[in-house]
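Worksheet: the structure to be examined is printed underneath.
The values are calculated or read from the model by the stated rules, or taken from the named source; none is laboratory data. If you're wondering where the values come from, they're calculated on a predicted model, not measured in any experiment. Using ideal geometry, Cβ is built from the backbone for each residue, glycine included, and neighbour counts are taken over all protein chains shown.
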Amino acid sequence: MGYGRSDSYRVATTTEKDEKESPKKADTKAEKKIKDMDDLKKEVPLTEHKMSVEEVCQKYSTDIVQGLTNAKAAEYLARDGPNALTPPPTTPEWVKFCRQLFGGFSILLWTGAILCFLAYAIQAATEDEPAGDNLYLGIVLSAVVIITGCFSYFQEAKSSKIMESFKNMVPQQALVIREGEKMQINAEEVVAGDLVEVKGGDRIPADLRIVSSHGCKVDNSSLTGESEPQTRSPDCTHDNPLETRNVAFFSTNCVEGTARGIVVCTGDRTVMGRIATLTSGLESGKTPIAKEIEHFIHLITGVAVFLGITFFILAVCLGYTWLEAVIFLIGIIVANVPEGLLATVTVCLTLTAKRMARKNCLVKNLEAVETLGSTSTICSDKTGTLTQNRMTVAHMWFDNQIHEADTTEDQSGASFDKSSETWLALARVAALCNRAQFKAAQDQLPILKRDVAGDASESALLKCIELSCGSVKQMREKNKKVAEIPFNSTNKYQLSVHETENEEDNRYLLVMKGAPERILDRCSTILIQGKEQPMDEEMKDAFQNAYMELGGLGERVLGFCHLLMPEDQYPKGFAFDCDDVNFTTENLCFVGLMSMIDPPRAAVPDAVGKCRSAGIKVIMVTGDHPITAKAIAKGVGIISEGNETVEDIASRLNIPVSQVNPRDAKACVIHGTDLKDLSQEQMDDILRNHTEIVFARTSPQQKLIIVEGCQRQVRHTQTDGAIVAVTGDGVNDSPALKKADIGVAMGISGSDVSKQAADMILLDDNFASIVTGVEEGRLIFDNLKKSIAYTLTSNIPEITPFLFFILVNIPLPLGTITILCIDLGTDMVPAISLAYEAAESDIMKRQPRNPTRDKLVNERLISIAYGQIGMIQALGGFFSYFVILAENGFLPSLLVGIRLNWDDRSNNDLEDSYGQQWTYEQRKIVEYTCHTAFFVSIVVVQWADVIICKTRRNSVFQQGMRNKILIFGLFEETALAAFLSYTPGMDVALRMYPLKPSWWFCAFPYSFLIFVYDEIRKLILRRNPGGWVEKETYY
Amino acid sequence: MAKDAEKSTWKDFIWNPRTREFCGRTASSWGLILLFYLVFYIFLAGMFCLTMYVMLQTLDDHKPTWQDRLGTPGMMIRPRGESMEIIYNPQMTESWDMYAKTLDNFLSPYNNSLQAEKNDECKPDQYFVQADSGDVKNNPKRSCQFNRTLLEVCSGLEDRTYGYVDGKPCIIIKLNRVIGMLPGTDGQAPFVTCGAKKEDSEKIGELAYYPKNGTFNLMYYPYYGKKAQVNYSQPLVAIKFLNITLNEDVNIECRIISNSIPPGSERDKFAGKVSFKLRINT
């Protein structure tokens, strides 16, 4: 691999040179890349399935018996390269690290840090003894970014490690025939033209054109989403290479039988390879939360620059020098940077990611945590996501009645009358005429969880009978099998002859199952209530109706019949010859029908319902047949009860489909072949006008087109497109997963490619976990708003001291160190604790947020945090500042304009309001005590702030104080403040001094005011929905 | 194309003629929000004033609530010089003239005539206590005379140049005022002693203290604050350098010696002591 990479590197460097020479070439190159992507989005251009075997042989100069010559194989290998998928270009670790370090929010802090260093440089150049504050601040800011960057880097590294563990590292082998000899070679060495043999259990090593087959069935579910194994044979049955029977695809599995085929494509040129290439070539956009944070940074920067420039001009007008004014400017801008917010947001997202991982949603990218919450459309794959991916008996028809079987995973569903003799007969036929059996040593497992050897529908029957009638094994032992004709596509039935249970009864029992109409043809009687009755027209009609009804449910229907062979014709020991049938297979007794389906998961209908009430549109996109897809869609509520498709309306009114007004139908089922011919406008029209949509028989490329169509959908007045989630497990889903705003892959059944492309992985493969994801996503969005509102509020009491210091020349009320103690110390735990806040109302009952209108941080949040609560907080801080200075002898009236003398080191007899004289150091201690008191006051007012930030609309009394982390946070910040103030040595370390107990209470009235003010605001907000208060203050 | 659209949205944001919106708000919307903030801030200002008023009511007019930061009073010199450095050349009048002027100004309230007019002659060597009787304040309080002549040659009365012209400058030292401070027990008055820092000890030469021994007489204490004791005269000590080495920096430190004033903290260079640099060029 390394060799190949260095090659491509060389190519890249040369093209770079070209680009420098002629910029025009670059354009064409970009165009070509776009063309390539479009090319990949088109359907597979495979044509070999339409050629005859001879033509294929000729094309690859191979031989149908001998295979390739070794020389030829080596030549092809050199030409085409190894038969393996090029792994997607992995981002080097340092790039990932740098992304964490310089992405999104970090930029703001870096800018702050650089400005600090700049300010310090200016001060160092102009002053003799520069204050170290700016230097420290710069260092702390850088440290915060680096530490948070490392934290989120390791967090994501942990997630990717879980991803790594999914990877299947076993090298694949392939059985090829070269120069007439069979040999096992590494699958990577298989080349086009190779003659390959596959058998049940093998993985197909490359795209094969089948030349001969013996009962070969392949599982294409990872490629097409069909849950049933497909027969492979040498004949071309369909123009579409994905549907024809004579092509087997790379990386699908051969379930049973054997086949021989000629390799037509290898590596990246295979159908699977094209999908993988398409996937890795797709760019996924920014996550919604990243956009929100960007918007937030714009707002904050706007406010910071506005304040900075305003005070710069003021400072210049007040007669400060230009350099001083520049230092002030930088100081104000930096003071606006919420130092702790980056860490808070990261920790909040991590906490949610952890909580989601506990609920089986593994989030690969931290920012994707919120995306599900903003999602307005979910495109879900059917197989394995909505369904159990396991055939199960769903219905039976006997005694001229349809009975429903229990299809739930935990057998909690409805049961039917098992006492009828017909049922016993039907069960006996189903159990005996069945080659499937449980694999050994799983007796302790529940029946549904056991592994079965055999095809899907036989396993379904086996499990059904085992569940309702007890051990099939015993039944088979009692009824020894004498003869058997396996299923084949010409007969379309399977037959076996058994001894009867009754020792004295020497008759043989013939049991048969197969395509219902074929079975019916062979029957002359029918079993009703255990009694044989002649098969009349009435019964045949009843059969037809039942067959149609079950077929219409998208279920696979099998017919069952039996015959007790007359002893006189077939005495004990009769030699049954199965090749040349020497016994009757006509005039049998019809027993019943059984129909199977891959049933929906139990939790899915509920989950779909929840999504719907949460305003999320659920669209099914599957590779499976429209009828099955529609049946499952109805079963899980994607097409809700009472909603009809155009076809339903047509059949109800007995009019042609063309006469139905498409607007009348809310639901629709669209076939992949129709999708091909749709223009973009028609596609948008469908997505806009139907609320319940099922796409069936879609190719991976079409899935991509559907996702793009959904993303184009514009709700109401928003300018951004809708946010689309895609769930899927197969390789066929991966381009759509990558393209979606959030791709959700399945952890158990999902293919590696899909997991690589996804942003989130459902560890339990359960669609219901998505609902958890939506819930958590919405909750964290709300709670991040609260966290940010809380954190931003304290910015005002942090900036205003500096502003007043400049404007009215008072001693500095709050220093840099104390600001950092708030932002990175006391504010942290309460801000994070808001991530644990319970939702105010049922978040699953409201519409998804509108990405244009509903911003994480909007003007209203800034208005209330900065303009209202922040101002009250600042007053609280200033009040304690004035109290301390006044109680020490400096009355407020004296303070204005005192700054120059106050900060003059050589002025050691500064007079206070009482006539006492102070040395520099003595009054600085008082100043630092003021800083400490201001800091403590901010802690006190932040108590009230965190309590009011718990809710955005409800009263705290409605919400309650059940958030234990928040209560802990309140105590923690208070304890930390006391610790910082009273610990000996803090005066030297952080210039913080012990406070008199009474100074703690200075800010209490303001804290109380904040609480009362906000409760009143929220009361008006609730009383008067849509009113002025809501318009101006509801964030 | 795209740029034009962007431009127009920007323009639209600032002034949208269709909706008559300025910066995304109509006039009435602006009016309402500004009115709200005006009312809100007036209310806040009122609340702030109220709390400040209540706080100011709790203060004593004559004595600050807390004095614990003033345990060791600071000391200061006159003239201060630039950053506690006194550098001059006796031959160049303009280099020391401002020092003499500073001292003239500083000492003018101590003129004997003024002191006699405003202040009392007190009994020396004991505290001049003027206690209040319960709630009845004994105000205004009287102060003791500190006559300029006590500083003798450094009083500037005979030698208008305070010795600067001869290279024998006077420096006046004072102890910061602290309300209620009693600087000595057992009738022992605090006094000032000056010395050179280590390496300069040979350069400092002889010193003379005025008043005798450089003492602050106890009768000037306690201080009752500028409101109660309007004419308080802070006692002074003058030192005169008699033969200081010329053309070299001399670092001098003066300390207060008292049996009741605790030594100041290491970090405060002016609590109970004062350091300055003196350099006389020729």
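Which of (1) part of a helix (DSSP H, G or I); (2) more than 8 Å from chain B (Cβ to nearest Cβ); (3) at pLDDT below 95 is the odd one out, the single condition A:Gly876 does not satisfy?
(3)
Failed condition for A:Gly642, given (1) without any contact (Cβ under 8 Å) to a residue 60 or more places away in the chain; (2) assigned to a strand (DSSP E or B), with all others met?
(2)
Considering only residues of segment B:41-61 that are at the interface with chain A (Cβ under 9 Å from one of its Cβ atoms) and aromatic (Phe, Trp, Tyr), which is surrounded by the most Cβ atoms within 10 Å (Cβ to Cβ)?
B:Phe48
Filter segment A:226-251 down to residues that are surrounded by fewer than 23 Cβ atoms within 10 Å (Cβ to Cβ) and hydroxyl-bearing (Ser, Thr, Tyr), then give me how many there are.
Of the residues in that region, 4 qualify.
So which residues in segment A:628-639 are part of a helix (DSSP H, G or I) and touching a residue at least 24 places away in the same chain (Cβ under 8 Å)?
Selection gives A:Thr628, A:Ala629, A:Lys630, A:Ala631, A:Ile632, A:Ala633, A:Gly635, A:Val636.
Between residues in segment B:62-76 that are facing chain A (nearest Cβ under 7 Å) and residues that are among the acidic types (Asp, Glu), which pairs lie under 7 Å by C-beta distance while being six or more apart or on different chains?
Listed by first residue and then by second, the contacts come to B:Pro64/A:Glu887; B:Thr65/A:Glu887; B:Trp66/A:Glu887; B:Gly74/A:Asp909; B:Met76/A:Asp909.
Those residues that are more than 12 Å from the chain's Cα centre (by Cα) and small (Gly, Ala, Ser), I need them from segment A:375-411; list them, please.
A:Ser376, A:Gly384, A:Ala394, A:Ala405
For segment B:259-282, enumerate the residues that are away from chain A (no Cβ under 11 Å) and buried (at least 22 other Cβ atoms within 10 Å of the Cβ).
B:Leu278, B:Ile280, listed by residue number.
Which residues, taken from segment A:807-816, are surrounded by fewer than 22 Cβ atoms within 10 Å (Cβ to Cβ) and of a type in the set (Val, Ile, Thr)?
Listed by number, the list holds a single entry, A:Val808.
Given the structure, is A:Gly870 within 10 Å of another protein chain (Cβ to nearest Cβ) and small (Gly, Ala, Ser)?
It is false that A:Gly870 is within 10 Å of another protein chain (Cβ to nearest Cβ) and small (Gly, Ala, Ser).
So which pairs qualify, if the first residue must be in segment B:77-99 and closer than 14 Å to B:Ile280 by Cα and in contact (Cβ under 8 Å) with a residue 12 or more places away in the chain, the second must be part of a helix (DSSP H, G or I) and among the charged types (D, E, K, R), the Cβ gap must be under 8 Å, and the two must be at least 6 apart or on different chains?
Note: pairs meeting the criteria are B:Pro90/B:Asp166.
If a residue counts only when it is within 23 Å of A:Lys354 (Cβ to Cβ) and of a type in the set (D, E, K, R), which strands (runs of 3 or more DSSP E) contained entirely in segment A:719-774 have at least 1 such residues?
Where strands (runs of 3 or more DSSP E) fall fully within segment A:719-774, none carries at least 1 residues being within 23 Å of A:Lys354 (Cβ to Cβ) and of a type in the set (D, E, K, R).
If we keep just the residues of segment A:379-410 that are of a type in the set (Asp, Glu) and out of contact with any Ser or Thr (no Cβ under 9 Å at 6 or more places or on another chain), which is farthest from A:Pro516 (Cα to Cα)?
Here the answer is A:Asp410.
Check off (1) modelled with pLDDT under 90; (2) assigned to a helix (DSSP H, G or I); (3) surrounded by fewer than 19 Cβ atoms within 10 Å (Cβ to Cβ) for A:Glu292 and give me the number that stays unchecked.
Going through (1) modelled with pLDDT under 90; (2) assigned to a helix (DSSP H, G or I); (3) surrounded by fewer than 19 Cβ atoms within 10 Å (Cβ to Cβ) one by one, A:Glu292 breaks only (3).
Sort through A:Glu887, A:Glu859 and tell me the only one that's within 12 Å of chain B (Cβ to nearest Cβ) and surrounded by fewer than 18 Cβ atoms within 10 Å (Cβ to Cβ).
A:Glu859
Which one is nearest to A:Arg269 (Cα to Cα), of the residues in segment A:44-67 that are within 45 Å of the chain's Cα centre (by Cα) and among the polar types (S, T, N, Q)?
Per the criteria, the residue is A:Thr47.
Among (1) away from chain A (no Cβ under 14 Å); (2) buried (at least 16 other Cβ atoms within 10 Å of the Cβ); (3) not charged (D, E, K, R), which single condition is B:Tyr220 missing?
(1)
What are the residues in segment A:752-778 that are at pLDDT 90 or above and surrounded by fewer than 22 Cβ atoms within 10 Å (Cβ to Cβ), if any?
Residue satisfying the conditions is A:Glu775 alone.
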